[in-house]
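Undergrad: Attaching a single structure in structure tokens format; questions to follow.
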Amino acid sequence: MGLLFSIGLDYDKCGSAVQLYYGGQYDHEINNIDDDDDDDKHNDYSSYKTLTKIDHPPITERPLFDLMLGSCNGLVCFFVPHDGMDDPIYICNPITGEYVYLPRFTCGKHASSHHKLVGGFGYLHSTNEYKVVRTYYDYDEPSLVGHVQVYTLGDGNGWRNKGDTTHFIGSSGVFANGYLHWIDIGAKKNIVAFDLAEEEFRLLPSPPCLLLRSRNLVYFSLQLLGGCLCVVCIDKGKCVDIWALKNKKKKKNSSYDDEDNSWSWSREFSIAWEGPD
């Protein structure tokens, strides 16, 4: 295990606002440095010089978390901004320093300037494959649909077109249980899951906080907490609720389509509102 560190740079001089480094857990020898060792020796172990520099595309002045799409088993996928879009095309292994750039999305000669790319990064356990999913929306099209593409690392087939979706997903996908998940930000606020095996979308039941849709509901998002898919809902003036999707039978690699489907939402936390109404 380890952590990603970001060190601020002079954007005008370096062309990037941030440089990423990887720092692993200290080994046994470092953890057992005697307290009476000199300070300089101890600081050498904890300074940035002991980290591994990651080769990555320039990161603009936007927050780092806004450009990191997701991680699976040590691989990290980043968006690369271009043509007014965030394209999920850079993947690196911070430990080994290996990286790959995927082909960029091309809009064509008559592309609209009002467009958006949404991405997701996940791992298919049954085939040991890593997949990137991106969905393109052109806001000037007569009917707003998403054009879906999938890239499987290492298969040599490049980006594959998977048709269109009427789901309007506005944020990065959250990987859990072998699926990528989004909240459809349309009127119904459905939970949308993309099956990495079948490469198809399906709908999941929504937690009560989204079904009730209080007029004071000012924020909701998908997150990963303790390995579980979670929905965070902020009901202004009332509470912050965190709902988790769990399999009651605790079956490993259980699909949402299993006949004895036992997936359900449970409220894990409810925090009373203490801010201004």
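Undergrad: Collect the residues in the stretch 148-165 that are closer than 20 Å to Arg202 by Cβ and in contact with a Gly (Cβ under 8 Å, 6 or more places away or on another chain), keeping them in residue-number order.
TA: Across the stretch 148-165, the qualifying residues are Val148, Asp164, Thr165.
Yes or no, residue by residue, for (1) polar (S, T, N, Q); (2) touching a His at 6+ places or on another chain (Cβ under 7 Å):
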position	(1), (2)
Gly97	no, no
Thr127	yes, no
Tyr136	no, yes
Asn157	yes, no
Gly173	no, yes
Lys189	no, no
Ala193	no, yes
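Undergrad: Among (1) at pLDDT below 80; (2) open to solvent by 70 Å² or more (accessible area, probe 1.4 Å), there is one condition Asp83 misses while meeting the rest; what is its number?
TA: (1)
Undergrad: Name the one entry in Tyr90, Tyr99, Tyr130 that is open to solvent by 60 Å² or more (accessible area, probe 1.4 Å), free of Cβ contacts under 8 Å to residues at least 60 places away in the same chain and either more than 24 Å from Asp184 (Cβ to Cβ) or out of contact with any strand residue (DSSP E or B) (no Cβ under 6 Å at 6 or more places or on another chain) (or both).
TA: Result of the check over Tyr90, Tyr99, Tyr130: Tyr99.
Undergrad: Another question, then. Would you kindly identify the strands (runs of 3 or more DSSP E) lying entirely within the stretch 203-276 that contain at least 1 residues that are more than 30 Å from His125 (Cβ to Cβ) and at pLDDT below 80?
TA: In the stretch 203-276, the matching strands (runs of 3 or more DSSP E) lie at 217-225.
The values are calculated or read from the model by the stated rules, or taken from the named source; none is laboratory data. Owing to the predicted nature of the structure, the values given are computational and were not obtained by experimental measurement. Positions of Cβ are backbone-derived with ideal geometry, glycine not excepted, and every protein chain shown enters the neighbour counts. Keep in mind that these areas ignore ligands, DNA and RNA; they rest on the heavy atoms of the full protein, side chains included. Shrake-Rupley method; radii C 1.70, N 1.55, O 1.52, S 1.80 Å.
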